[in-house]
């Protein structure tokens, strides 16, 4: 057998052995990652009494902790407090209309649409991005919601405590969501579920991040709406 052939065979054996060592480790890592419970942290900025100081403190914690999450606010609050439009990696920004008002109490469809569009446009212009995530104030929606969101360019709806909706194949599709108040509940939750913890700026920043630290002690994976959708829902311009 020629030496060149022997060299080729030896090289092949080394490559095969190398793959045998690397591939199982890759598969194990992927499997371990997929078995982690996915946790979505939702933050609502619902009033401006403690702004912009609350947002500045919260922003520092976000940057230090690198926690994926989604922050919802209205166009009105964004105008008064542009510091609250967090431009942090891993954080999606969602709109709640222009004012924090129950959209179902607006009787005219065109006014409902205007409320959502104005909120989105205001936040997008101030933030320098295009946000495609929405959460209805008070979680209150009616039969118009899917049409309103479609016409507003929204792809992710997180208005509810038991599910979220993503725009897939030209329609909104419902996905299960489990809202949790107590971190200890994570002990008995199946890893296939998606769990959300919801906070707002009426709570102290320290209190929120103390809870986040407790959550992070579990084998979990923090996700944002973009992760759930499979592509960015806060598009940089």
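The values are calculated or read from the model by the stated rules, or taken from the named source; none is laboratory data. Source: prediction; values computed, not measured. Reconstructed Cβ throughout: ideal geometry from the backbone, glycine too, with neighbour counts over all protein chains shown.
For a quick check of your reading: which strands (runs of 3 or more DSSP E) sit entirely within segment 35-120 and have at least 2 residues that are surrounded by fewer than 21 Cβ atoms within 10 Å (Cβ to Cβ) and in contact with a strand residue (DSSP E or B) (Cβ under 7 Å, 6 or more places away or on another chain)?
The strands (runs of 3 or more DSSP E) meeting that bar are 37-44.
Just wondering, is there one or more residues in segment 125-132 that are in contact with a strand residue (DSSP E or B) (Cβ under 7 Å, 6 or more places away or on another chain), part of a helix (DSSP H, G or I) and over 23 Å from residue 195 (Cβ atoms)?
Scanning segment 125-132 turns up at least one residue that is in contact with a strand residue (DSSP E or B) (Cβ under 7 Å, 6 or more places away or on another chain), part of a helix (DSSP H, G or I) and over 23 Å from residue 195 (Cβ atoms).
Looking only at segment 43-57, decide whether some residue is on the phi > 0 side of the Ramachandran plot, at pLDDT below 95 and assigned by TED's automatic domain parsing to the domain that holds residue 118. So that I can check it myself, show each step before the final result.
Applying the first criterion (on the phi > 0 side of the Ramachandran plot) to segment 43-57 yields none.
Checked segment 43-57: no residue is on the phi > 0 side of the Ramachandran plot, at pLDDT below 95 and assigned by TED's automatic domain parsing to the domain that holds residue 118.
Confirm whether residue 175 is in a strand (DSSP E or B) and buried (at least 18 other Cβ atoms within 10 Å of the Cβ).
Working: in a strand (DSSP E or B): yes; buried (at least 18 other Cβ atoms within 10 Å of the Cβ): no.
For residue 175, the condition - in a strand (DSSP E or B) and buried (at least 18 other Cβ atoms within 10 Å of the Cβ) - is not met.
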